[in-house]
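Engineer: Below is one structure. I have some questions about it.
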Amino acid sequence: MLHRARHLAKKYRAPILLVTLTESMRKLLDSLIKELCGVESSFIQTSTINGLAKYILKELHPKGEAAYRVADGALADGISRDLVKFVKNHDNFMQTKLSILDYADLRRFCDEEVFHIRSRLKFSEFDSYLDTQSFKRHGRVVGLPAEGRKVFLDAARYKVDALKKLFVLDYEGVVSAAISLLVKDMDSLESFGWAAVDADALEGALSSFFPYRCVLVDEVQDLSQLEVAMIGALPVASGNRIANSENGLFLVGDGAQTIYNKGFALKNCGISVNNRSYVLKKNYRNSKEIMSAAYSLIKKYKFADVDEDNIDTPTKPDFATKVGERPYVVKCRSEEDEVALVSAMIRGLIDEHQSREETEDYPELCVIGLNPAIRRKISGRLNELSIKAAELKQAAGVESFNSVAISTIESAKGHEFRHVFIVGVVDGAMPSKYAGADEMAREASRLYVAMTRARERLIISYNVDRQNQPSRFLIDIQDCCDEYEWSSGQIKVME
């Protein structure tokens, strides 16, 4: 993607934007631009998708950044609780068949369904949610009946109104407001909690708003429908939309690496890629052994091939020619043993690297912990051993070889490391205890993302403390891995 950005910057000598999901990935792109690009780098910019939405609001709303406030976590939590009350008190609630759910599951369902509506439809389009033929709901084993959809249509409107009364925008609101400004959807613009938008002033702002000649989007499979539509609606100097301009839009994604429950159909975003889509099968990052294990995890599931109108099992990759160790799957007796295993192996890898290379740098190391507690414990133990560790979002960059990266799956996305540890791989964490049967593919995809961060060495650990069971996904990769046990401070081959 970066090489294409360089080509386009040289070709058009105009601003080129690289869009990605997270701030750590954006920082990595900035580092790569500095490392790999020449003078054309002055034309190449980076942004997260949320950063782009906020930029559009700042540039197009007459009051700029002063037009609204962003909802904080406490406010969002309060609205979420009120949303459950609203749904339970709705006249049609019993027709949703959700009364059997406990409070936590019902709240989760309400949040997800309202998010689904608001991440796909502008406020002026909400009524189309009721049409079960044109607005298909992917990802639910059992769909809501028509009367049930009325409950959640009203719930989505309730949440929009609650935010408006508080004069704030949440994440979905920022994106929806940005696309509404770009397409001059005045009905939707009136639904937000911000200063009123004058149509003439907006027209004037749009007449000179041509920020980018081309936009390249990474990890597009994890964007929402409105996020993709927002990018496609960006205007260019020719008077066209960027989605319809020569080389205007370049989308890169892998459906098997979907970790967020969003999704889109390109036709609903105003984007056509007919005869302009390509499948890249060659894997260059991972050793053959790591990729074989990762593919064995996902091959039985079906994923959207970026566009959710095309759902199928993943294409088998062309494995890299480089070979290495088979992944380790290590059984530990407790979480404390997992911490001891990881810290001991990291100490050994650092010492080996520094001795061999005659350097003070660390090898590329990442620990992906599947719960906050184990990430904190490992970071603390490494500090006790005088091994520097930092959260990945703070340490991102091509020169981050002076610390061990501690990460979630989400933050590790887009990065790669020589050595990767995935820790706490037990049922309940992977797959999540909140994941239903219809969400197993996405949970497998999350573990696949974590596994494919490793280029040369992959160590997966689990513990059997209390009632813990190894993740059910590990049986799918067992034949491609070597199994070990951590016992008495040593790693031993499982009998």
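Engineer: Residues of the range 465-484 being crowded, with 17+ Cβ neighbours inside 10 Å and in a strand (DSSP E or B), which ones?
Structural biologist: PRO470, TYR484
Engineer: Considering every residue within the range 121-128, establish whether at least one is among the aromatic types (Phe, Trp, Tyr) and modelled with pLDDT under 90.
Structural biologist: Checking the range 121-128: not a single residue is among the aromatic types (Phe, Trp, Tyr) and modelled with pLDDT under 90.
Engineer: Which residue is surrounded by the fewest Cβ atoms within 10 Å (Cβ to Cβ), if the candidates are limited to the range 278-298 and must be touching a Lys or Arg at 6+ places or on another chain (Cβ under 7 Å) and polar (S, T, N, Q)?
Structural biologist: In this case the residue turns out to be SER287.
Engineer: Looking at (1) farther than 30 Å from ARG376 by Cα; (2) assigned to a helix (DSSP H, G or I), which one does LYS316 not meet, given that it meets all the others?
Structural biologist: It fails just one condition, (2).
Engineer: Being over 12 Å from the mean Cα position of the chain (by Cα), in a loop (DSSP other than H, G, I, E, B) and surrounded by 23 or more Cβ atoms within 10 Å (Cβ to Cβ) is the filter here, so list the residues in the range 235-273 that pass it.
Structural biologist: Result: PHE264, single match.
Engineer: For the condition assigned by the TED database to the domain that holds VAL183 and polar (S, T, N, Q), what is the one hit in ASN274, ASN283, ASN247?
Structural biologist: None of the other options fit; the residue is ASN247.
Engineer: Moving to a separate point now. From the list LYS58, LYS63, LYS85, pick out the single residue that is free of Cβ contacts under 8 Å to residues at least 12 places away in the same chain, not β-branched (Val, Ile, Thr) and not assigned by the TED database to the domain that holds LEU153.
Structural biologist: LYS58
Engineer: Another question, then. Hey, any hits in the range 137-150 for a residue that's of a type in the set (A, V, I, L, M), assigned by the TED database to the domain that holds LEU249 and either surrounded by fewer than 22 Cβ atoms within 10 Å (Cβ to Cβ) or modelled with pLDDT under 95 (or both)?
Structural biologist: So far as the range 137-150 goes, no, none of its residues is of a type in the set (A, V, I, L, M), assigned by the TED database to the domain that holds LEU249 and either surrounded by fewer than 22 Cβ atoms within 10 Å (Cβ to Cβ) or modelled with pLDDT under 95 (or both).
Engineer: Here is a further query. Scan the range 157-176 for residues that are in contact with a Lys or Arg (Cβ under 9 Å, 6 or more places away or on another chain), acidic (Asp, Glu) and part of a helix (DSSP H, G or I) and jot them down.
Structural biologist: The one that is in contact with a Lys or Arg (Cβ under 9 Å, 6 or more places away or on another chain), acidic (Asp, Glu) and part of a helix (DSSP H, G or I): GLU172.
Engineer: Hey, among the residues in the range 299-310 that are part of a strand (DSSP E or B) and touching a residue at least 12 places away in the same chain (Cβ under 8 Å), which one's surrounded by the fewest Cβ atoms within 10 Å (Cβ to Cβ)?
Structural biologist: Looking at the filtered set, the residue picked out is ASP309.
Engineer: Another question, then. State which residue is farthest from LEU223 (Cα to Cα) when the search covers only the range 1-28 and only residues that are among the aliphatic types (A, V, I, L, M) and without any contact (Cβ under 8 Å) to a residue 60 or more places away in the chain.
Structural biologist: ALA9
Engineer: Can you pull out every residue in the range 35-70 that is surrounded by 15 or more Cβ atoms within 10 Å (Cβ to Cβ), among the small types (Gly, Ala, Ser) and modelled with pLDDT under 90?
Structural biologist: ALA67
The values are calculated or read from the model by the stated rules, or taken from the named source; none is laboratory data. Since the structure is predicted, the reported quantities are computational estimates derived from the model, not experimental observations. With ideal geometry, Cβ positions are generated from the backbone for all residues, glycine too; neighbour counts draw on all protein chains shown.
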